Amino acid sequence: MDEAKSGAIRRLAAFAIDWLIIALWMGVLFGSVMLATDGDPQRPAGPWQAQALGFCALTLPVVLYFALLERSSWHATVGKRLVGLVVFRPSGNSLSLARSLLRNAIKFAPWEFGHTMAQQLAFSSQEAIPLWLWGPALAATIGPVWWIASLMIAGCAPYDRWADVHVARRRTR
């Protein structure tokens with residue numbers, strides 16, 4: 001197996017592990033809301049309020065989890081650490097907080113576009129998908145496919161190039 005595909009498989013395995021952590025966070029959120037509301041949470045007033053709530057409770061903590069751990073002394077999320085990967089600058093230095101936030105905001109933008117579409121559709125009274133939602137729908141679909149294809153072909157995701165960072169195997173001492 002060539003190095004790009006091997007690296008891509010490691011990165012996908014790391015993301016799968018991190019996804020389990022995200023799922024645990026979602027379970028904590030769900031359980032907390034259900035306990036706090038006796039199983040009957042109030043529906044947000046509209047799609048944009050629901051979007052803001054979802055962003056603050058889910059997307060922002062996930063982006064911060066990735067950004068803070070990748071710029072920490074670990075240079076990796078829990079998933080990357082378990083599969084032996086680190087994130088670093090081409091110079092070998094750690095990521096700045098700004099660069100780490102940029103990288104992960106770009107990485108999770110398609111996810112947030114998917115949330116936008118879901119919230120808008122949940123509150124929509126129209127039978128057909130509103131025309132403007134096709135943009136977020138395409139971004140939510142094409143983004144992850146592009147990320148994975150880039151990893152498999154070039155061994156590097158577009159958001160790594162745009163943030164000027166590398167992901168590689170951790171060197172052992």
As an exercise, use a Förster radius of 45 Å and the Cβ-Cβ distance of Ala128 and Trp74 to find the FRET efficiency, rounded to the nearest 0.05.
0.45
Take the alpha carbon atoms of region 23-70, find their center, do the same for region 146-172, and report the distance between the two centers in whole angstrom.
29
How many nm separate the modelled label positions at Ile142 and Trp48, each set 7 Å beyond the Cα in the direction of the Cβ?
2.6
Can you compute the radius of gyration and Dmax for the chain, using only the Cα atoms, both in Å?
18.0, 60
Please express the shape of region 5-72 as an equivalent ellipsoid: the semi-axes are the square roots of 5 times the eigenvalues of the C-alpha gyration tensor, given largest first in whole angstrom.
30, 14, 11
Tell me, what is a quarter of the convex hull surface for the C-alpha atoms of region 82-173, in nm² with one decimal?
8.1
Taking the chain as the reference, fit the longest principal axis to its C-alpha atoms, fit the long axis of helix 60-70 to the helix C-alpha atoms, and give the angle between the two in degrees, 0 to 90, nearest 10.
10
What is the helix-to-structure angle for 3-36, meaning the angle in degrees between its Cα long axis and the longest Cα principal axis of the chain, kept from 0 to 90 and rounded to the nearest 10?
30
How large is the dipole of the chain about the Cα centre if only Lys and Arg carry +1 and Asp and Glu carry -1, each at its Cβ, rounded to the nearest 20 debye?
980
Asserting the computed 222 nm helical MRE of the chain (DSSP H runs at least 4 long, -39500 (n - 2.57) per run, divided by residue count, to nearest 500) equals -21500 deg cm²/dmol
Quick one: if you stick a label point 7 Å off each Cα along the C-beta vector at Leu20 and Arg161, how many nm between them?
3.3
Compute the length gained on full extension between Phe55 and Ala168: take 0.36 nm times their separation in residues and subtract their Cα-Cα distance, giving the result in nm to one decimal.
37.7 nm
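No value in this document is a laboratory result; all are computed from the given coordinates. This one's a predicted model, so the numbers in the text were calculated from it and none came from an experiment. Positions of Cβ are backbone-derived with ideal geometry, glycine not excepted, and every protein chain shown enters the neighbour counts.
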